[in-house]
1. Let me check I've understood the local charge: for residue 396, count other residues with C-beta under 15 angstrom from its C-beta, Lys and Arg +1, Asp and Glu -1. What total comes out?
2. Calculate the spin-label point distance for residue 634 paired with residue 321, positioning each point 7 Å from the Cα along the beta-carbon direction, and give it in nanometres.
3. With a 1.4 Å probe and every protein chain kept in, tell me what percent of the accessible surface of the range 668-760 is carbon plus sulfur.
4. For the range 639-689, what is one quarter of the convex hull surface built on the Cα atoms, given in nm²?
5. Probe of 1.4 angstrom, ligands and nucleic acids ignored: what's the accessible area per residue over the chain, in square angstrom?
6. Once neighbouring chains are kept in place and the probe is 1.4 Å, which whole percent of the accessible area of the range 347-494 is contributed by carbon and sulfur?
7. Counting Lys and Arg as +1 and Asp and Glu as -1, what is the net charge of the other residues whose Cβ lies under 13 Å from the Cβ of residue 209?
8. Quick one: of 108/151; 93/709; 122/237, which pairs are farther than 28 Å apart, Cα to Cα?
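The values are calculated or read from the model by the stated rules, or taken from the named source; none is laboratory data. Please read all numbers here as calculations on a predicted model, not as lab measurements. As a convention, Cβ positions derive from the backbone with ideal geometry for all residues, glycine included, and neighbour counts pool all protein chains shown. Calculation scope for accessible area: heavy atoms of the full protein, side chains included, ligands and nucleic acids excluded. Shrake-Rupley method; radii C 1.70, N 1.55, O 1.52, S 1.80 Å.
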Amino acid sequence: MPITKKNLHKRKTASSSVFILVPLLFLFTQSCVGKPIHELSEETWLQLLRLREELPLKEGEAIDFDSLSRLGTGASLFVALRAMEQGSLGVAKAALNDSLAREQGFFKARAVSHLADVLLEKKDGESLLAFCRSGHGAALEPFRRAWLELKALLLLKDYGGLLNSIEKTRDSFPLESEKAAAEIAAMAAEAGLATNGGRWIQEFYSLLAMPASNAVYQNLERLVETIAALEYGDFIKALEAIGPEAFVLAEARALAGSKNYGPAVLAFRSYANASEDASSISARYKITPLAEKEETEEKDKDGFLLTRLGQNPPSPPLPPKTMGQLLLRLERGIASDVARAFLVSSRSEGKQGLLWIMETKQDRGPDIQKEYFAHFWHGRYLREEGQWKAALEAFQKAAGLAGHGADRDAALWYLVEAAWKSDPKSAHQVFLKEIQQASNPADFSDLLEPIVRDALARKDGTALLALACQGEGKLSKADSAKLNYLCARSIQAGIVADEHLSVFLGGDYASKESLIEELFRKAHDQNADPWYHTLAAYRLGLALVDPLHEDESKTAIETKADKKEKDTPKAYAEALVHFGMANLLRRELGSHFGKLDSSVVRAGSLSLYEQGFPEEAYRLIATQFWKTGFLPSRADAELYWPRPYPELFLANSSRNKMDIFLLYALARAESAFNKDALSRSGAIGLLQLMPATAAEMADRLKTSDYDLKNPDHNLMLGSYYFQRLMDGQTAKNRVLAALCSYNAGPTRFRGWEQSYGPLPMDLLLDTLDYAETRQYGRNVILAALNYAALYGEENLQDYFSWLLGETAR
């Protein structure tokens, strides 16, 4: 049964599909001949599912599931998945109920899980509760079943039952309940509030005191709005029960958590001043409507207009003492919310409060935790102001007060950053000193990047050698590989002088040449970063691309007919592939995905490719390339380095004299071959062209009839633009320079080259200001190399040399 779709590209080499797709179709489709299913043939139904077209099923209408079952094992279930994607929850519910009657094993388990999701999304509390308490519900993971029962009782407003179930859930599942503590506390508070029972006040305070997390902030906001929505008299009683201050603090935390820092500051001021009582708070939430607004504004049961969170009254800044006392009396997590809100919206006010804490510490006696907090956050405020030397001192004090663990590492991280910002030349020394004390030195990797970049830009060989030699054993393997390569290249380029080598190595090396080779060898053998591994291989004259392994897909797929595996996760994965839903493999298989045979993932990737979704195919097969010990076959490699639209790529490569492997690599990096890709900045299509750039190129080519979502038009304009960059003065016919110009803009790249050059391109790349551009250059060069290796380039050393701009082609 051929899969057809308008503009669907074809693979040039389809040998692997013979071994992968045919057995799958044999397993799941006994015959494509039979009476129509809802007036459509079986072949048409499979095409609808695979190409994600709208299903010809309407909610409320009878569905012929017996006929649908001819499509293969799990047909009703997979129809339900498509219906869920299309928002047809009624169809999905009916199809899932049919699946429960037909399926067994993993298929049935997934149907059970999805039916619970559908009932919850439909807010059908009655059906959800009955389902959870049924025999089918017993197949759910135990805590999830208990959790869904809580949600059902909440939907039904059965608050007495909800309180009882919460207690049982906490007793039966203590670890899981702790992870969901915020939402459970909010539900318990809501239920107790509605019934004037339970321990709703204690639940409210429990939620209010929890450490910062998105779940805490979201549930605080929900609980505040639940209380505010009470009838007027009940609202006043609730405020008096918990205390107006606690309610205002809950408002403030919820606002800070949603990054509404201005309103959060007003709420924290109200809390600090205890300036609101129940009456004034109710006046904010219960506004008497004007006559003309009565029909349009949302009102509560008493006829008051409902306002939303964040309407706290204006107030003057807090005096330093009041601000400081506010920070001192709150729990650490809440105090951090306060400090963060004032840092963003009222910096001077917050800073003065922190200074008051530090200046008056003798009046309170020793409290290491409070002192750490004050110095740490004072450093954060100074950092925001760009006072890097003062921030460095603050973080040094905080690090001295912290114990081991997260607090110390946080202070040390900011300390190293402040050292780099205040004195880049000595930052490497501070970095090397502080990572010796850090609990997790790998967390400092993002600071190493700018320190190395600055050292290269200054051509500071001493700093590079110190980082490579003294950081060994503390740095990650990827960072060590990078430093070893950069040091070797810096020696070759004369950035690391002989006197530098003598200082750090003494006589502990045979010759400069042997040291360079040793450093390249380390970078290569660490094999922790593909860019520096490949660069080191190139310098050493070693193989640039790992060999592919024999394609074992035929024997692997043929073992699928084993009846023992009929209802297993593997069989379910194969069914997903058959129905064209391989893009759901990771989500549907969950923890089983990692155990899945690579042949099944390969089949799924190939099916997505042939359905016209090359970006999804590439991302799916990529999961196998990330696996330790995975040995890719040629079939895997062709999916990881795909060639969609082959005729269009070839034609535009020839037309604009652009290397075809590089053109494929460019499209893969820019859009993953999604012709409809649209970036946040407005770049469009395969090569992510900005409309203004495309218009300029079209004008130069004397054409005005183009569509950037048309692959041919996009490739024509994009390849022409890239080749202009290659031919221009900015890039001087250097591929890597042209790539950086393509990503960051030619003017910006020209500025970088003037500031940091002259350097070899592989070293210059590591000096560029934008991390995105640095990684972009690496990704495209490596992709072009792999395309060349896979599809016909014989001399990879020469080709890679050309990509790096070291030789002409």
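1. Numbers: positive: 380, 383, 389, 397, 408, 421, 433; negative: 371, 393, 407, 409, 417, 423, 434.
Net of charged neighbours comes to 0.
2. 8.4 nm
3. It is 45 percent, rounded to a whole number.
4. Details: hull surface 14.1 nm².
That works out to 3.5 nm².
5. Ligands and nucleic acids excluded, the figure is 44 Å² per residue.
6. On the way: 2870 of 6080 Å².
Ligands and nucleic acids excluded, carbon and sulfur give 47 percent.
7. Numbers: positive: 253, 329, 332; negative: 203, 331, 337.
Once positives and negatives cancel, what remains is 0.
8. Values: 108/151 23 Å; 93/709 37 Å; 122/237 34 Å.
Among 108/151; 93/709; 122/237, the Cα-Cα distance tops 28 Å for 93/709; 122/237.
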